[in-house]
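The values are calculated or read from the model by the stated rules, or taken from the named source; none is laboratory data. Computed from a predicted structure; not experimentally measured. Every residue, glycine among them, receives a Cβ derived from its backbone with ideal geometry; neighbour counts consider all protein chains shown.
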Amino acid sequence: MRRRSSAAVVLLLIVVPAFAGASGRHPDAPPETDQFAFLIGEWDCTIRSIGPDGALGPESKARWVGRWDLGGWAIRDDWTSAGGMGFNIRSCNPRTQKWDNRWLQAGNLLWKYYEAEKVATRWS
């Protein structure tokens, strides 16, 4: 299997919600936890990679299932596609006011860490 750097591959998601039920954020969790609540639900996705030259790869299908986890303190989303499967755990760090995201992909079992924050209407 050919490996690509994360900088060279960008996934474009076209999502169609199938179900958007959730129990909700824990009352003591930071209110910012709701910023990723739009991920909650079951989604059928069409994905395409973008190569280093900007060319689009072929379309493939994936499944995204997002839900509240850890008693409403975090959001978990599971990803399944022909290329693999894994899951994210997302929680808002009250000290930094940023999102701590952890990704674990089946097959390599190496946690990847991402940090994000909402600046105005954009994520960075």
Among the candidates 71, 66, residue that is touching a His at 6+ places or on another chain (Cβ under 8 Å) and at pLDDT 85 or above: 71
With in contact with a Pro (Cβ under 8 Å, 6 or more places away or on another chain) and in contact (Cβ under 8 Å) with a residue 40 or more places away in the chain as the only criterion, which of 52, 94 stands out? 94
Go through (1) free of Cβ contacts under 8 Å to residues at least 24 places away in the same chain; (2) in contact with a Leu (Cβ under 7 Å, 6 or more places away or on another chain) for residue 79 and report which single condition fails. (2)
Take the residues of the stretch 11-46 that are of a type in the set (Val, Ile, Thr) and within 24 Å of residue 118 (Cα to Cα): which is modelled with the lowest pLDDT? 16
Could you list, in sequence order, all residues of the stretch 72-123 that are over 22 Å from residue 25 (Cβ atoms) and of a type in the set (A, V, I, L, M)? 82, 85, 104, 106, 109, 110, 120
